[in-house]
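Right, one structure below, let's go through it.
The values are calculated or read from the model by the stated rules, or taken from the named source; none is laboratory data. Predicted, not measured: the structure shown is a model, and the values here were computed from it. Using ideal geometry, Cβ is built from the backbone for each residue, glycine included, and neighbour counts are taken over all protein chains shown. Quick note on the areas: whole protein, heavy atoms, side chains included, nothing else; ligands and nucleic acids left out. Shrake-Rupley method; radii C 1.70, N 1.55, O 1.52, S 1.80 Å.
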Amino acid sequence: DDAQFHVLLSAYVAARQGDVTLADESLAAAGAQTRDANYPVLDNMRHVAEAEVARARGSAEDAVRILKPLINGRELYVTHVALMDASADAHDPATALEEALWLIAHRGQMHDDPILFALKDRTSWLIGAGIPLAFALATRL
């Protein structure tokens, strides 16, 4: 299982670095267990790698569609990283912010209520200010 996980992780990292060919090769080399729901960690990591490949190919919306069903309370941490990045690329700043706050909360950096934290956090302010700006720009295009 560890070897299969490392193959899938290498696919994710390759896609994240823009090497879709290597990512595809790594996914092809991954065993059948990585497609088996009886191995949820491998199944989750495979979906994350496939989503990252989709994002690297410019299909951020497809990546979001792959990742959102994985959010069930038992997902890998990297699932939220991938969903945050895909949501940002798909021009969905609200979901990207939600995932960023989840990541902060689960790394032990959030010591307040999430709303109070967002009000005090500089990154949250920047993302929050960007949402209306994005909508304003989208309506003019």
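If the chain linking THR139 and VAL13 were pulled fully straight, counting 0.36 nm for each residue of separation and taking away their Cα-Cα distance, it would gain 41.8 nm.
Taking the accessible area of the chain, probe 1.4 Å, and keeping the other protein chains in place, the carbon and sulfur fraction comes to 58%.
Probing with 1.4 Å while keeping every protein chain in the model, the per residue accessible area of the chain equals 59 Å².
For the chain, modelled as a GNM whose springs connect Cα atoms under 10 angstrom apart, the maximal fluctuation among ALA88, ALA28, ALA49 occurs at ALA28. Note that region 24-78 carries a Kirkwood radius of 11.5 Å, evaluated over its alpha carbons pair by pair. If the viscosity is 0.692 mPa s and the temperature 37 °C, what Stokes-Einstein diffusion coefficient in µm²/s follows for region 67-109 when Rh is the Kirkwood radius over Cα pairs? For these conditions, the coefficient is 319 µm²/s.
The simple Förster model, with R0 at 30 Å and r as the Cβ-Cβ distance, assigns VAL20 and HIS106 a FRET efficiency of 0.55.
In terms of its C-alpha gyration tensor, the chain comes out oblate, because a/c is 1.5 or above while a/b does not outweigh b/c.
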